[in-house]
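Below is one structure, written out as C-alpha cells; comments come after it.
The values are calculated or read from the model by the stated rules, or taken from the named source; none is laboratory data. Quick caveat, the model's predicted, so the values are computed rather than measured. Note: ideal-geometry Cβ built from the backbone for every residue, glycine included; neighbour counts use all protein chains shown.
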Amino acid sequence: MLYAAFASVIAWLALWGVIHLPVSSVSVVFFFCALFVAITCTFMPAIAYLNARFGTFRGRRAYRWRFVRQSTEIGLFVVVVAWLQMRQVLNLTVALILLIVFILIETFMMTREVPTQKS
C-alpha cells in the first residue's frame, strides 16, 4: 500500500503538470494516462481495506489481486467518462449505463473466482 500511495502522489503531480501544458494530441494522451494512474492508485488502499473488512476470502491468489482489479476498473471508468465529457457526449444516462456495465463485469468476475486448490 505504501507503493500505491507513492505512485498516487507522483501521478497527481504528473497530472497537475500535464494540465499546464498546451493542448495537443500528446498532452491529451498523457493526461488520460496520468488520470488513470492517479485514480487507480488513490482508490487502491480504500478498496483493499473494504475487501479485507467486508469481502469473502475464497483463495489467497484471487483475494490478493481483487483490490487491484477493482481499483483499475474505477480508474478505467473515470477515464472513459472524462473522454466522453471531452467529446461532449456525456450525460447522466450514459454515465449510469457505463456504471452498471462496470458493476456487472465486476460481479461476474467475483462469481467466477475459483479458490486455488492444493494437491
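Residues in segment 95-119 that are surrounded by 14 or more Cβ atoms within 10 Å (Cβ to Cβ) and in a helix (DSSP H, G or I) were compared, and the one that is modelled with the lowest pLDDT is Met110. When segment 81-94 is filtered for residues that are surrounded by 10 or more Cβ atoms within 10 Å (Cβ to Cβ) and assigned to a helix (DSSP H, G or I), the ones remaining, listed by number, are Val81, Ala82, Trp83, Leu84, Gln85, Met86, Val94. Screening Ile74, Ile10 for residues that are of a type in the set (A, V, I, L, M), part of a helix (DSSP H, G or I), in contact with a helix residue (DSSP H, G or I) (Cβ under 9 Å, 6 or more places away or on another chain) and closer than 20 Å to Arg112 by Cα leaves exactly one candidate, Ile74.
The residues of segment 23-67 that are modelled with pLDDT of 90 or more and of a type in the set (Val, Ile, Thr), listed by number, are Val26, Val28, Val29, Val37, Ile39, Thr40, Thr42, Ile47.
Per-residue answers, yes or no, for (1) surrounded by 16 or more Cβ atoms within 10 Å (Cβ to Cβ); (2) over 16 Å from the mean Cα position of the chain (by Cα):
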| site | (1), (2) |
| --- | --- |
| Tyr3 | no, no |
| Leu21 | no, yes |
| Val37 | yes, no |
| Thr40 | yes, no |
| Phe54 | no, yes |
| Val79 | yes, no |
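Only a single criterion out of (1) hydroxyl-bearing (Ser, Thr, Tyr); (2) surrounded by 15 or more Cβ atoms within 10 Å (Cβ to Cβ); (3) modelled with pLDDT under 85 is not satisfied by Thr72, namely (3).
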